[in-house]
Amino acid sequence: MSDLPYTDDDLRAEAARQHATLTEDPDFVGVGEQMQDTEIPSLLPPAEADGAEGPHWDELLDEDQFDEAQRTIHDLINGAADVSEWAVNLGADGLQPDEHQFTLNAGPKPIIRAHFGFAPELSDDARDAFVQGLGEAAAREMHLALEEATEVTIPMETAAHVLWQDRLGGWPPSTFASKLLSLWTSADTDNADRLAVAFPEYAAAIALVKSGQDGIQQLRAIAGDS
């Protein structure tokens, strides 16, 4: 056991505290100075790796436009979430932040967003599989939780349509419902969440199908197809 009066967690906590202070109260003039001679990321040319440069903030914008962009960037820095503890722990554990993320929305507003850090040796395929699986599981559990919280009643027709879509019984939906369910099948997590908000009965029925055989039997009972 170490004789030092502090722990490794104490070191990480102090590093995170100092890391956070670096972004507190950013200097407005300094933000503008750092924008000068800096390329606008979305306008980088394809040949950037060969030394070509895209337009710079101070080249492309007039004085008023530059001032507006400078103020917006300053406000974004001021309003940035404090992820210093997360960043310090990632580095200390040898993990790398990754561009993967998934978001769960309630209507147009995100209510959960997960970012990821991976060991460098994990392949892109492994990262993709993990994030996709975690996102699908989280979305499924969220839909079930929302169903219980809002006590959604699944109409007979809705149950039958979803069963038909998955070739589990039921009867054919109308043209609109057929297109809706087809769209739902191809939707990513974010868009599936938006559809769930707009069509909670279908979301509840789809969640039952995804929950397994017991859920399918429950849906068949609702549709009178048991």
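Mind computing the radius of gyration and Dmax over the alpha-carbon atoms of segment 15-112? Å is fine for both.
Computed over the Cα atoms of segment 15-112, radius of gyration and Dmax are 17.2, 45 Å.
Assign one of three labels to segment 113-216, namely rounded, prolate or oblate, based on the Cα gyration tensor with a ≥ b ≥ c the square roots of its eigenvalues; rounded applies when a/c is under 1.5, prolate when it is not and a/b is larger than b/c, and oblate otherwise.
prolate
Packing-wise, with mean Cβ within 10 Å as the measure, how do 28-34, 161-167 rank, highest first?
161-167, 28-34
Using 1/(1 + (r/R0)^6) with R0 = 25 angstrom and r between the beta carbons of ALA80 and LEU43, what's the FRET efficiency to the nearest 0.05?
E(calc), rounded to 0.05, equals 0.60.
Leaving out ligands, DNA and RNA, what percent of the accessible area of segment 85-226 is carbon and sulfur, probe 1.4 Å?
Exposed carbon and sulfur together represent 53 percent of the surface.
Over segment 36-132, with the other protein chains present, what is the accessible area per residue in square angstrom, probe 1.4 angstrom?
With all protein chains present, segment 36-132 gives 70 Å² per residue.
How much length would be gained if the chain were fully extended between SER211 and ASP58, taking 0.36 nm per residue of separation minus their Cα-Cα distance, in nm to one decimal?
Using 0.36 nm per residue and subtracting the Cα-Cα distance, I get 49.6 nm.
Show that you can apply the helix-only estimate: for the chain, add -39,500 (n - 2.57) for every DSSP H stretch of four or more residues, divide by all residues, and state [θ] at 222 nm to the nearest 500.
Rounded to the nearest 500, the figure is -18000 deg cm²/dmol.
Calculate, in nm to one decimal, what LYS109 and GLU136 gain on full extension: separation in residues at 0.36 nm each, minus their alpha carbon distance.
Taking LYS109 through GLU136 to full extension adds about 7.8 nm, to one decimal.
Between GLN36, GLN96, GLN132, which gets the highest mean-square fluctuation from a Gaussian network model of the chain, Cα cutoff 10 Å?
GLN36
If you work out Rg and Dmax of the Cα atoms in Å from the coordinates, which of (1) 25.0, 74; (2) 18.5, 59; (3) 17.4, 57 do you get?
Checked against the structure: label (1).
Please report, as a whole percent, how much of the solvent-accessible surface of segment 1-78 comes from carbon and sulfur atoms (probe radius 1.4 Å).
52
Just the accessible area for ASP62, please: 1.4 Å probe, Å², rounded to the nearest 10?
Spelled out: ASP62, probe radius 1.4 Å, area about 80 Å².
The values are calculated or read from the model by the stated rules, or taken from the named source; none is laboratory data. Keep in mind it's a predicted model, so treat the numbers as computed, not measured. All Cβ positions, glycine included, derive from the backbone under ideal geometry; neighbour counts span all protein chains shown. Just so you know, the surface numbers come from the protein's heavy atoms only, side chains and all, with ligands and any DNA or RNA stripped out. Shrake-Rupley method; radii C 1.70, N 1.55, O 1.52, S 1.80 Å.
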